[in-house]
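Working notes for the structure below.
The values are calculated or read from the model by the stated rules, or taken from the named source; none is laboratory data. As the structure is a computational prediction, the values presented were derived from the model and not from experiment. As a convention, Cβ positions derive from the backbone with ideal geometry for all residues, glycine included, and neighbour counts pool all protein chains shown. These accessible areas exclude ligands, DNA and RNA; they are computed on the full protein's heavy atoms, side chains included. Shrake-Rupley method; radii C 1.70, N 1.55, O 1.52, S 1.80 Å.
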Amino acid sequence: MSDMVFELIRKEKARQKSQIHLIPSENFVSENVLKAIGSCLTNKYAEGYAGRRYYQGNKIIDEIENLVVEKGKELFGVPYMNVQPYSGSPANEAVLFALLEPGDKICGMKLSAGGHLTHGHPKITFGGKYFDTVQYGVNKNGKVDYDELTRLVKKEKPKLIWVGTTAYPWILDWKKFSEIAGSVGAWLIADISHIAGLVVAGVHPSPVDYVDVVTSTTHKTLRGSRGAFIAVTKTGLSKDSKLARKIDKAVFPGMQGGPHINNIAGIGVAFEEASNLKFKQYGKQVVNNAKVLADELKNFGFKVFGTENHLMLVEFGVGEGRKTAEALDEAGIIVNYNTVPGEKGTAMSPSGIRIGTPAETTRGMKEDDMKRIAGFIKRAVDNIDNKVELEKIKKEVRSFLKKFIV
Ligand code: DSN
């Protein structure tokens, strides 16, 4: 059995080497992050927090978790951070659990507009089922309409507002969101999962001076192991001095058991890597690459939303997003099908694809490489039903990737 697992891992590694990765939430972690994740730390249970564990043998684990927390606080400029959430969804659920009572009203961006399921997507999610939820959209250009949001928030008076995105190619105006939330006394939560690395690199404004709580996954643009953090800002603490304690209690024992210390160590390694000048250059290159790729695709005549960050949406006909993503996969280019602003299809059969540059920028790609990729995409789309041509592109993609390392 383990032979089979290792054989499949070997195959997946070969796949990762031979395809172009443009899913904006994916990245390639460093050897050191991998070392931390694959270390003996996976053997240890450590329910509780440093100095307050429910198991013996945690003195070293305490030191590790404290180190990671201190590095994270320094990196994002926040007074408090919890690094135990298993991933972004449990982190967001812990925030709701900490701050609200079931049935309270929450407000977040619609999934179809580029928001996230955990921001109150109705009925089928934790937030949508146990809270009263109202959702905001985007205008025809795909941008948040701050006037409309102001009207919605004044009418609905939510207790908590999410600002966070998974498919939004524009800069978020934290000050405006903070004025809107302030007008009804709502908690304001920034979920920066997609843009955390860009915030650290200084190529997207930081929400820290404007919001009460920041959540984020740690494996997207931040390039760490899979996990998440919840940070409380000075503003948040000034509204409720017990906020940090409430978040801690909501994560453990509220939502989770033992933290995954190996992943937490990997997050610490990534925090350290993100403190370097090289990471700032990486963040800039991610955005420059995305801009060049978007411009090239526009020059080819594609309808592109974006970009001011690491991603863009490309619109095709209703329902054609999926077929396009599948054809690109056959050509060795990995994207995901996605809804676009004003979507008329469904989530399973939408009109668009989502493209991002974090992973290929980690591999060392620059602007000229983006032009090459745009060319591959154009040819694949023009030959969407031509298996022979898609196979030909796949071979060219493989040879193009030889000079890049994983
Ligand atoms: N799955 C992530 C993404 O692809 O954006 C969001 O959770």
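Is it the case that some residue within the range 60-67 is touching a residue at least 24 places away in the same chain (Cβ under 8 Å), out of contact with any Cys (no Cβ under 6 Å at 6 or more places or on another chain) and charged (D, E, K, R)? Yes, because at least one residue in the range 60-67 is touching a residue at least 24 places away in the same chain (Cβ under 8 Å), out of contact with any Cys (no Cβ under 6 Å at 6 or more places or on another chain) and charged (D, E, K, R).
When we screen LYS71, LYS17, LYS59, LYS44 for residues that are in contact with a helix residue (DSSP H, G or I) (Cβ under 9 Å, 6 or more places away or on another chain), open to solvent by 90 Å² or more (accessible area, probe 1.4 Å) and either away from the ligand (no atom under 16 Å from the Cβ) or not β-branched (Val, Ile, Thr) (or both), the only hit is LYS17. Does the range 23-40 contain at least one residue that is over 27 Å from THR307 (Cβ atoms) and either within 16 Å of the ligand (Cβ to nearest atom) or crowded, with 16+ Cβ neighbours inside 10 Å (or both)? Yes, that holds for at least one residue.
Residues of the range 113-124 that are more than 10 Å from the ligand (Cβ to nearest atom), open to solvent by 20 Å² or more (accessible area, probe 1.4 Å) and either modelled with pLDDT under 95 or more than 16 Å from PRO158 (Cα to Cα) (or both): LYS123, ILE124. Would you please name the residue that is farthest from HIS219 (Cα to Cα), looking only at residues in the range 362-374 that are out of contact with any Asp or Glu (no Cβ under 9 Å at 6 or more places or on another chain) and surrounded by 21 or more Cβ atoms within 10 Å (Cβ to Cβ)? Among residues in the range 362-374 that are out of contact with any Asp or Glu (no Cβ under 9 Å at 6 or more places or on another chain) and surrounded by 21 or more Cβ atoms within 10 Å (Cβ to Cβ), the one farthest from HIS219 (Cα to Cα) is MET365.
Checked against (1) over 19 Å from PHE252 (Cα atoms); (2) more than 16 Å from the ligand (Cβ to nearest atom); (3) open to solvent by less than 60 Å² (accessible area, probe 1.4 Å), VAL83 meets all criteria but (1). Kindly indicate the residue of the range 323-349 that is over 19 Å from GLU389 (Cα atoms) and open to solvent by 60 Å² or more (accessible area, probe 1.4 Å) and also farthest from the ligand (Cβ to nearest atom) among those meeting that condition. In this case the residue turns out to be LYS344. Return a yes/no flag: does the range 94-112 have any residue that is on the phi > 0 side of the Ramachandran plot and open to solvent by less than 40 Å² (accessible area, probe 1.4 Å). There is no residue in the range 94-112 that is on the phi > 0 side of the Ramachandran plot and open to solvent by less than 40 Å² (accessible area, probe 1.4 Å). Given the criteria away from the ligand (no atom under 16 Å from the Cβ), surrounded by 24 or more Cβ atoms within 10 Å (Cβ to Cβ) and not aromatic (Phe, Trp, Tyr), does ALA201 qualify? No; evaluated as a whole, the condition is false for this residue. Within the range 160-176, the set of residues being surrounded by fewer than 24 Cβ atoms within 10 Å (Cβ to Cβ) and either part of a helix (DSSP H, G or I) or within 16 Å of the ligand (Cβ to nearest atom) (or both) comprises THR166, TRP170, LEU172, TRP174, LYS175, LYS176.
Close contacts from the range 12-40, counting a first residue that is among the β-branched types (Val, Ile, Thr) and a second that is in a loop (DSSP other than H, G, I, E, B), with Cβ to Cβ under 7 Å and a gap of 6+ residues or different chains, come to ILE20/GLY332; ILE23/VAL335; VAL29/ARG223; VAL29/GLY224; VAL29/SER225; VAL33/GLY224; VAL33/SER225; ILE37/SER225.
The residues in the range 181-192 that are more than 16 Å from the ligand (Cβ to nearest atom) and open to solvent by 10 Å² or more (accessible area, probe 1.4 Å) can be counted, and the count is 5. For ALA91, the stated conditions hold: it is within 30 Å of SER241 (Cβ to Cβ) and within 16 Å of the ligand (Cβ to nearest atom).
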